[in-house]
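Read-outs throughout are calculated quantities, based only on the coordinates presented, and are distinct from any laboratory measurement. The model shown is predicted, which means the values in this text are computed figures rather than measured ones. Counting neighbours? That spans all protein chains shown, and the Cβs are built from the backbone with ideal geometry, glycine included.
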Amino acid sequence: MAVGLDLALFDFAVNSGPDRAVKALQGRLGVVSDGQVGPLTLNAIKTQIALKGAAGLIDALCDRRLDFLTRLAAFAVFGKGWTARVAAIRKTALAAVGTNSSPSTPSQPWSETMDVLSGYKTYIVAAFMLIAGLAQVLGIDLPTLDGGSAGHLIMEALAVIFLRKGLKGDIGNA
């Protein structure tokens with residue numbers, strides 16, 4: 001396997017699962033996506049590199065990885081770091097094959113959206129927990145929360161709100 005491509009595939013596999021990483025590469029190569037690197041996959045890699053070089057495969061693999069990551073629920077919290085990691089791996093892998101930069105990529109409007117909405121789901125869940133806890137304190141019977149303590153719900157909601165704020169600040173400073 002080509003130097004650079006091996007790095008991109010390895011990092012993808014370690015952080016998102018080997019089966020997913022290999023299937024993403026196989027999908028780009030147009031071979032059966034079985035998650036196993038065998039003779040067909042290796043020959044397709046050699047053919048692709050001989051025809052077009054490794055840079056296109058590296059870019060495609062990094063693009064597929066980023067596409068997968070952006071669809072994860074945790075992207076709102078960890079997306080900035082994940083995006084930076086994929087960009088660093090792409091840059092290093094392309095440098096290893098003698099390409100200093102990837103082709104120009106269109107701006108990603110989702111990054112601005114994520115900055116505005118970052119963590120909104122966490123706050124909504126915490127608000128519902130707080131409301132449910134306060135409702136129990138006021139004597140409103142909530143059948144789905146039978147046996148749940150109002151005090152626990154309120155404390156957990158406040159912990160989520162304050163810990164989320166601190167986590168978001170720590171990530172922003174990283």
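A few remarks follow.
- Remark: spin-label model distance Asn15-Leu42 equals 2.8 nm, labels positioned 7 Å along the Cα→Cβ axis.
- Inter-probe distance in nm under a simple model that places probes 7 Å from Cα toward Cβ, at Ile124 and Asp67: 2.6 nm
- Approximating the spin labels as points 7 Å out from Cα along Cα→Cβ, the Leu158-to-Ala87 distance works out to 3.9 nm.
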